[in-house]
Amino acid sequence: MNSNNPFFKTKSFKENDDVVTHDAVIIDRNETMTVSGTINKSFLMLILLIASAAITWSMANPIVFAIGGAIVGFILVLIAVFKPQYSGFLAPGYAIFEGLFIGGISAIFEVMHPGIVIQAVSCTFVTFMVCFGLYKYEIVKVTEKFKSVVFAATLAIATYYLFSWLLSMFTSFQPVHYGNSMMSIGISAFVIVIAALNLFLDFDQIEKGVQQKMPKYMEWYGAMGLMITLVWLYIEFLRLLSKLNRK
């Protein structure tokens, strides 16, 4: 099964007529991925993320824990990409460490712009529900062309962010998206749209995983992919709302 979602773009999915395999491990079809199982694990990860976010939220200087959480969370994602069979341990760990990052970043933005966090949370939740509804009722269909466009746009954004960050560290270059100009606001709005479109890829990959009877641990993997997109979406809403407040 091919996917253009960066997190799901692995060789994890293999199937033949009788059994489903992953890295030469035979999986009983009675122990396969389900939608309800993925949803339950997604909720559990959300609870863990919120609980750990509350820790850094209440700290006087949360930036150290926020940076540490972001680094460890990124490492866990990389491990999961190559070793998805360990997702049962990696996914909860990612939720906990990413929660430290989210809590610290949210606390900083809240000090600068009181009320911005609840606005960003609300925007993220509404966006998720709208995208889920559009996918469920097949108003938006995830075709191969759709996947290719979203993947290309996501890769372009990641490349732009990376080079902008490196240039700003070693030169006097100031990326356009750092300010609160109309162009910067437009870039943030575009990134939010692409992040939201990635939700459709997540929904599609989870559904296909269930249809193809993927191993049970792929529920954690699917929930982790969904959580990555939601965290990205939330951060981008924080950035956009911050720019609008400064404007």
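FYI, it's all coordinate maths here, none of it is from the lab. On a predicted model such as this, the values are computed, not experimentally measured, just so you know. Please note: Cβ atoms are built from the backbone with ideal geometry, for glycine as well, and neighbour counts cover all protein chains shown.
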What percentages make up the Cα-Cα pair-distance distribution of segment 21-171 when the bins are 10 Å wide from 0? 9, 24, 38, 23, 5, 0
Please compute the contact order of segment 95-247 in relative form: average sequence separation of alpha-carbon pairs under 8 Å and at least six residues apart, divided by the residue count, as a percent. 37 percent
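Which GluC sites (Glu not before Pro) in segment 125-211 pass both tests, a DSSP loop state and at most 10 other beta-carbon atoms within 10 Å?
Counting only loop positions with at most 10 other Cβ atoms within 10 Å, the GluC sites (Glu not before Pro) in segment 125-211 are 138.
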Please give me, ordered by residue number, the chymotrypsin sites (Phe, Trp or Tyr not before Pro) of segment 149-247 that lie in loop per DSSP and have at most 13 other Cβ atoms within 10 Å. 173
